[in-house]
Amino acid sequence: MEKRFMTIKEAAQIFFEGKISVASLYRLIETGEIPAIRIGKKYLLNVTTMQEKYG
């Protein structure tokens, strides 16, 4: 089964190779540049959307 969502930390490592900090990704989410869903205190990013934008 393919993974549909990833954490911000995973996205920072996979798509930005650690060049963008987790804090920077939080700011991009807050400004709406990166769409995310929030479950409790955790944000999840759609893998397909991230691949289309940054893959």
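The values are calculated or read from the model by the stated rules, or taken from the named source; none is laboratory data. Just so it is clear, the structure is predicted and the values come from calculations on it, not from any experiment. Because the Cβ atoms are built from the backbone with ideal geometry, glycine has one as well, and the counts that use them run over all protein chains shown.
Residues are listed down the side, and each one gets a yes or a no for (1) part of a loop (DSSP other than H, G, I, E, B); (2) of a type in the set (Lys, Arg); (3) modelled with pLDDT of 95 or more; (4) loosely packed, with under 14 Cβ neighbours inside 10 Å:
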site	(1), (2), (3), (4)
2	yes, no, no, yes
17	yes, no, no, yes
27	no, yes, yes, yes
38	no, yes, yes, yes
43	no, no, yes, no
50	no, no, no, no
53	no, yes, no, yes
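Taking the criterion of being among the β-branched types (Val, Ile, Thr) and in contact with a Phe, Trp or Tyr (Cβ under 7 Å, 6 or more places away or on another chain), the residues of the stretch 3-36 that qualify are 8, 29.
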